[in-house]
Amino acid sequence: MSNLIVDRVTSIRHRILQLHPDNPPQLMAVTKGHSREDAMVAVAAGVDLIGENKVQEAQRKWGTPPPCPLHFIGHLQTNKVKYAIEIFNAIESIDSHRLANAINEKNPNHIMPVMIEVNMGRESQKYGLLPEEVLPFLESAHSWPFLKFAGLMAVFPNRLDNSQEEIVKIRKFMQETGELWRICRNEGFPWAPLHDLSMGMSGDFEWAVEAGATIVRIGTAIFGPRHGSRLQ
Ligand SMILES: *Cc1c(COP(=O)(O)O)cnc(C)c1O
């Protein structure tokens, strides 16, 4: 297993470098549903970041922190904020004013890097702001002195199949996300440097890299399938 993880990290890294040799995006290993041991193999093989989507699972796994930054990428309930800000170096999944308020209130001693989650496909079953809500949200974000908006994190519809039509659709969403990110960054809000664009997963990271991602979030293509109730 561990050789397989090393090989997969190496080949994904290689592919990213081919696509973006001068300024390659960071590679996040999404370790939800996988053990600390496997995650540490991926870290040793050279991933830049670890991503988790559940606070409790991350607390169990990362009581001793990993030797690289740990990012939260799931839906964060406000009653878990106080634990999340203790263990995560960044929260990529800000999806409401309520959540931003809660983090700001709980965090009077240091400035928490956060990203806005964008629901590009406007799917009712997904969290995240709609694309047109992002800029107004950022404008109002000066009212949270303990948050630093470090980037955008995009989620996309699952591809129904491998048809050309589906591929064109997802690539269009990625281009639009890149465009939205540049527009927001150009506002130059002091509280929102937005240096990161987190997008792309196992099945579509290459297109995300081409569309300007600075972080790709990869689970399955590193660790294989997740099992049972730990799915998602
Ligand atoms: C699970 C997850 C990923 C990784 O998905 P894979 O298809 O396994 O690579 C990326 N981003 C988020 C937000 C996730 O929940």
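Using the basic label-point model (7 angstrom from Cα toward the beta carbon), what is the residue 11 to residue 171 distance in nanometres?
For residue 11 paired with residue 171, the spin-label model returns 2.2 nm.
So how far apart, in nm, are the two label points at residue 89 and residue 135 if each is 7 Å from Cα heading toward Cβ?
3.2 nm
Multiplying the sequence separation of residue 210 and residue 48 by 0.36 nm and subtracting their Cα-Cα distance, what value in nm do you get?
Working: separation 162, 0.36 × 162 = 58.32 nm, distance 1.91 nm.
Going from the current span to full extension adds 56.4 nm.
Relative contact order for the chain using alpha-carbon pairs under 8 Å, separation at least 6, rounded to a whole percent? Display every interim value, and only then the final one.
Values: 421 pairs, mean separation 46.7, N = 232.
Result for the chain is 20 percent.
Please rank 199, 1, 153, fewest neighbouring Cβ atoms within 10 Å first, as an exposure proxy.
Numbers: 199 31, 1 11, 153 27.
Going from sparsest to densest Cβ surroundings: 1, 153, 199.
Figure the gain on full extension for residue 35 and residue 111 (residue separation times 0.36 nm, minus the Cα-Cα span) and round it to one decimal in nm.
Working: separation 76, 0.36 × 76 = 27.36 nm, distance 2.98 nm.
Contour length minus Cα-Cα distance gives 24.4 nm.
Please give the charge dipole size of the chain, origin at the Cα centre, charges +1 on K and R Cβ atoms and -1 on D and E Cβ atoms. Round to the nearest 20 debye.
On the way: 24 positive and 26 negative charges, 134 e Å.
The calculation lands at about 640 debye.
Rounded to whole Å, give me the distance from the Cα center of region 1-15 to that of region 98-161.
31 Å
Between residue 164 and residue 78, what length comes free when the chain is fully extended (0.36 nm per residue of separation minus the Cα-Cα distance, one decimal in nm)? If you can, show how the numbers build up before the last one.
Values: separation 86, 0.36 × 86 = 30.96 nm, distance 4.02 nm.
Taking residue 164 through residue 78 to full extension adds about 26.9 nm, to one decimal.
List the aspartates and glutamates whose Cα lies under 17 Å from the Cα of residue 54, skipping any in the same chain that are fewer than 8 positions away.
86, 92, 95, 117
Starting with the highest mean, order 170-177, 209-216 by the number of other Cβ atoms within 10 Å, averaged over the residues of each peptide.
Top to bottom by mean Cβ count within 10 Å: 209-216, 170-177.
Roughly what would the spin-label model give for residue 227 and residue 57, points 7 Å off Cα along C-beta, in nm?
The modelled label-to-label distance comes out at 1.4 nm.
Holding the Cα-Cα limit at 32 Å, pick out from 126/148; 82/169; 61/148; 61/172; 106/126 the pairs that are longer than that.
Values: 126/148 24 Å; 82/169 38 Å; 61/148 26 Å; 61/172 36 Å; 106/126 26 Å.
Those over the limit are 82/169; 61/172.
The numbers here are math on the coordinates, done by the rules we state, and not lab data. Predicted, not measured: the structure shown is a model, and the values here were computed from it. Using ideal geometry, Cβ is built from the backbone for each residue, glycine included, and neighbour counts are taken over all protein chains shown.
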